[in-house]
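Accompanying notes for the structure given below.
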Ligand SMILES: [Zn+2]
Ligand SMILES: [Zn+2]
Ligand SMILES: [Zn+2]
């Protein structure tokens, strides 16, 4: 599954054909040359920190920074006037500020087969996945390096959907589910006490959420940088919420037991929500954390009465991303 995500992302961010052609055209005269494409399919910047060209020279220099979900193409060639030499080199990129480093290496020797490799080192090396490929041949040989994250950015099959009324993300495997804050009214309900006993009585009831728009996904599993931890699904209201403490609060669940606080109750996976990742393909931006009720909500459509704590949701600074399935 990891590799499917990596290849899939790479296809969406690979360099345009004409960029590769432009670099290739500059390598016309060299006896040995390589057109190197480095695809950054991570949520981090790849910052150029150094190189080691053991044979030949650059014809086109590597970029200083490869932004998340973009690629860079550069050219390497055998030395002009060099006799029986090829091109071999390493370019080093910093993945973060704590010393995680990625090295891409190519070798197009004067005689013998071509090689391409990726090395990942440093404290966060386990977070990344990568692959490399190079064809045979002597001139303008394409070498391709894909750097990705083991963590998925997308949950491929999912049953999350936006509620058209309260603008929260809720889990809806069977369509309408949960408790939608603005629909609170008095009705016949089953009241369950903390000791597990229950009675049927008149009390607060809520209609289920109202499905609206696309089916959405929220990834879980492997951690990566730019992933927010602690997100769960609430078994009572079915909304995605942050299961933590902020300013002494644990949020507000619309659906509460009598004799009990209106607290969300966790079930299902521990989700890892991408945040402040602006350019990833297939992700929907503008999701926010409500610091009053702790659910995730779609900010552009927020309306009054949407929040279980009363009024509108109140967003914090970060933008969170979910994927369109
Ligand atoms: Zn709702
Ligand atoms: Zn809840
Ligand atoms: Zn809220």
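Relative contact order, whole percent, for the chain stands at 14, derived from Cα pairs under 8 Å and 6 or more residues apart. Report the residue, chosen from 181, 68, 156, that carries the largest GNM mean-square fluctuation when the chain is represented by alpha-carbon nodes joined by springs under 10 Å. Among 181, 68, 156, the largest GNM mean-square fluctuation belongs to 156. With contacts taken as Cα pairs under 8 Å at a separation of at least 6 residues, the range 160-324 carries a relative contact order of 25 percent.
Its Kirkwood hydrodynamic radius, worked out from the mean inverse distance over all distinct Cα pairs, puts the range 67-124 at 13.4 Å. Between helix 2-13 and the chain, what is the angle of the helix's C-alpha long axis to the longest principal axis, kept within 0 to 90° and rounded to the nearest 10? Long axis of 2-13 versus the principal axis of the chain: about 70 degrees.
Can you pull the Kirkwood radius for the range 173-325, inverse mean 1/r over Cα pairs, to one decimal in Å? Its Kirkwood hydrodynamic radius stands at 16.4 Å.
If the chain linking residue 79 and residue 18 were pulled fully straight, counting 0.36 nm for each residue of separation and taking away their Cα-Cα distance, it would gain 19.4 nm. Along the Cα-to-Cβ line of residue 29, 7 Å from the Cα, sits a label point; which residues in the range 46-76 have backbone N less than 13 Å from it? From the range 46-76, the list is 59. A Förster radius of 41 Å, combined with the Cβ-Cβ distance separating residue 222 from residue 186, puts the computed FRET efficiency at roughly 0.35. If you take all C-alpha pairs in the range 198-268, what percent of them are over 18 Å apart? Of the Cα pairs, 53 percent sit more than 18 Å apart. In terms of its Cα atoms, the range 2-149 spans 42, 29, 25 Å along the principal axes, sorted from long to short.
Compared with the alpha-carbon gap, the fully stretched path from residue 267 to residue 279 is longer by 1.3 nm at 0.36 nm per residue. Of all beta bridges that DSSP places with both ends in the chain, some 90 percent have antiparallel geometry. Taking the fewest neighbouring Cβ atoms within 10 Å as the starting point, the ordered list for 95, 239 is 95, 239. Between residue 58 and residue 247, the contour length at 0.36 nm per residue exceeds the Cα-Cα span by 62.6 nm. By the Cα gyration tensor, the chain has an equivalent ellipsoid whose semi-axes, rounded to whole angstrom, run 54, 16, 15 from largest to smallest. Distance from the Cα centroid of the range 87-107 to that of the range 266-325 is 35 Å (rounded to whole angstrom). Across 80, 70, 132, mean-square fluctuation computed from a Gaussian network of the chain (C-alpha pairs under 10 Å connected) peaks at 80.
Readers should treat all values here as calculations from the given coordinates under stated rules, not as data from a laboratory. Only a predicted model underlies this, so the values are computations on that prediction, with no experimental measurement involved. We place every Cβ from the backbone using ideal geometry, glycine too, and count neighbours over all the protein chains shown.
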